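Worksheet: one structure, shown below.
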Amino acid sequence: MKQLYCATMEGIEALTVEVESTLTKGLPSFTIVGMVSTAISEAKERVKSALLSNEFTFPPKRITVNLSPSDLKKEGSQFDLGIALLIALDSSEISFESWYVFGELGLDGTVKENTQLYPLILSLANNGELTHAVVPEVSLQKVSNIPDVTFIGVSHLNDAIAFFKGEKENIPTSTAKKPDFPSYTVDSTQYYYQHHYPLNFFDVKGQEIAKRSALISAAGMHNLLLEGSPGCGKSMVAKRLRFILPPVKNSELLGIAKLDSLEGLEPHFKPLRPFRSPHHSSTLASIFGGGSYKAQIGEVGLAHHGVLFFDELPHFSKQVLEALREPLEDKRIRISRVNSKVEYPTDFLFVGAMNPCPCGNLFSKNLACRCSDLEITRYKNRLSDPFLDRIDLYVQMQDVNADDKPSYSSKELHERVIAIHQVQLSRKQGTFNGRLSDEEVEKFCIMDHEATAILHQAVMRFALSFRTIKKLQKVSRTIADIEGSEQIEKSHLLEALSYRRRG
């Protein structure tokens, strides 16, 4: 018996599949077992034609190919090349050891790529399971960006057979180097970033409080809600936030590339976190994922490691907003269908933008609000208290003034975020301030006596929930980091309280 490795997608993760083959005495037959899809069952005809077209004679034996584990449903044509190699080299002494082999076969033996190939390889590489693999030569340039993996490119079945026999020289090979971006290392982990700001905070005039909240949000990955009149700059701030987020490590870089490939985009392999902004008319399935046959990833999954921006927040359906509470709190979402149950990571920074009333003029000093009290109440009530409890920073945007001037550039803000990120890592907390667990809050969010007294007063006066208290401590920790303080002081907690939503 010979075996090699391939993989199949389960949700957004790739699972390794052992491809085994035996050629035994019996009536000549060719069987593929292991809960395979139609595309894999049809591989028998493609493999037969590819082998016979290249002067290979099928032995008069019973050929059985097993894809293990047998209880895992497998899909895709990437198994073709591996199956053909096992049959063609069965009588040789060659051992495939831990080689992964990917490729669809044409009837003449040409090796082609398929749509699942890239996300499969990215997922395996991200999980540290892949060190060397055989892939179609046409895919070699794409996979060359994946670090720490050696890829062998083959354009024909004969090339793959010759490679494993050691008969082919100068075979196309690719081993990627580390990403060529500015970086720094903390505890042997490399973090990458880039100074590229197509949308710059320097374009935002005035709105100093909103820019300060954006810095706090980016530095600690705190959820942010911006409320203000139409045209005051809510969307401008939200869209520029992406470019000042903390650096990414290699696993996050590969994870972002995998999400791009799952959406059908060409991965850019740049240390730029994703930004997703679905329209308020989007369906529940498009935002959270779903599908009657196979659960597909939604916007909350595609925003993993990045920003999920809801513009015109109250106009999203009540069902969407309430369903958003789970991924905001647990950083995961589980999609359950009759045919599949899939869990996606959803560790994103949530940013919302809304008007203060249906007409948008409630905060305006120059324009009269046309809304009745009942209309304003109904508009506000679209956002429930449990949902708003997941928001760390609430900011009322100021009116636009003719004297407003730009202040901070994105580069300045980003450099401060990078410095704060290094401070957080140096504390050995292992995650952003906004992602600290309750135990980690007690360990890292140390307050001085004045700050502790203020917090106790706030709890009694405002009847704060346990979640709100923890969020105040986390935001205060980030503000203290911005100010270069080891302990959370009174001024830091008071500023955090100023970002709490009232009423």
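Rule-based calculations on the coordinates, nothing more; no lab input. Because the structure is predicted, anything quoted here is derived from the model rather than measured. Don't worry about glycine lacking a Cβ; one is built from the backbone with ideal geometry, like all the others, and counts go over all protein chains shown.
Listed by Cβ neighbour count within 10 Å, with the fewest neighbours leading, THR8, THR16, THR38 appear as THR38, THR16, THR8. Farthest toward the positive end of the dipole of the chain, out of LEU52, PRO172, ASN361, is the Cα of ASN361, where the dipole comes from beta carbon charges about the Cα centre. 5 Å is the cut-off here: which amide hydrogens, built 1.01 Å from N in the peptide plane, fall below it relative to HIS132, excluding neighbours closer than 5 in sequence? Amide H neighbours of HIS132, under 5 Å, 5+ apart: TYR100, THR150. Exposure proxy shown here: for VAL154, VAL351, the number of other Cβ atoms within 10 Å sets the order, fewest to most, as VAL154, VAL351.
Relative to the longest principal axis of the Cα atoms of the chain, helix 208-220 runs at roughly 40 degrees. Residues whose amide H falls under 5 Å from that of GLN296, counting only those 5 or more places apart or on a different chain, are GLY290, GLY291, with hydrogens built in the peptide plane.
The string of couplings for the range 368-378 from the Karplus curve (6.51, -1.76, 1.60, θ = phi - 60°) is 7, 7, 9, 8, 7, 4, 5, 5, 5, 4, 4 Hz, one whole number per residue in order, with x for Gly and Pro. Dipole check for the chain: with +1 at the C-beta of Lys and Arg, -1 at the C-beta of Asp and Glu, and the Cα centre as origin, the magnitude is about 1160 Debye.
Taking the Cα centre of the range 186-428 as origin and assigning +1 to Lys and Arg Cβ atoms and -1 to Asp and Glu Cβ atoms, the resulting dipole is close to 300 debye. In plain terms, the residue of SER98, SER277 with the fewest other Cβ atoms within 10 Å comes first and the most crowded comes last, giving SER98, SER277. For the pair THR57 and ARG325, what calculated FRET efficiency results from E = 1/(1 + (r/R0)^6), where r is the Cβ-Cβ distance and R0 = 51 Å, to the nearest 0.05? My answer for the efficiency is 0.20.
Based on the Kirkwood approach, the hydrodynamic radius assigned to the range 234-280 is 11.8 Å, with every pair of different Cα atoms included. Of the residues ILE83, PHE163, SER139, the one whose Cα sits farthest toward the positive end of the charge dipole of the range 71-222, with +1 on the Cβ of Lys and Arg and -1 on the Cβ of Asp and Glu, is SER139.
Taking every pair of distinct Cα atoms and averaging 1/r, then inverting, what Kirkwood hydrodynamic radius in Å comes out for the range 436-503?
On the way: mean 1/r = 0.0846 Å⁻¹.
Over the range 436-503, the inverse of the mean reciprocal pair distance is 11.8 Å.
Helical runs (DSSP H, four residues minimum) scored at -39500 (n - 2.57) apiece and divided by the length of the chain put the mean residue ellipticity at 222 nm at -10000 deg cm²/dmol. Projecting the Cα atoms of SER213, ALA238, LEU272 onto the dipole axis of the range 186-428, where Lys and Arg carry +1 and Asp and Glu carry -1 at the beta carbon, places LEU272 farthest toward the positive end.
Placing pseudo-labels 7 Å out from each Cα toward the beta carbon at HIS196 and LYS428 gives an inter-label distance of 3.7 nm. Residues in the range 158-174 carry Karplus couplings, in order, of 4, 5, 5, 5, 5, 5, 6, 7, x, 9, 10, 9, 6, 6, x, 9, 9 Hz; the curve used is 6.51 cos²θ - 1.76 cosθ + 1.60 with θ = phi - 60°, and Gly or Pro positions show x. For the range 15-79, a crude dipole built from +1 on the beta carbon of Lys and Arg and -1 on the beta carbon of Asp and Glu, taken about the Cα centre, is about 220 debye to the nearest 20. When the Cα centres of the range 313-354 and the range 1-25 are compared, how far apart do they sit, in Å? For the range 313-354 versus the range 1-25, the Cα centre distance is 34 Å. Quick check: the distance between the Cα centres of the range 427-503 and the range 213-262, to the nearest angstrom? Taking the Cα centre of each part, the range 427-503 and the range 213-262 sit 22 Å apart. Here the Karplus curve 6.51 cos²θ - 1.76 cosθ + 1.60, taken at θ = phi - 60°, turns the phi angles of the range 142-154 into couplings of 5, 6, 5, 7, 7, x, 6, 10, 9, 10, 10, x, 10 Hz, with x standing for Gly and Pro.
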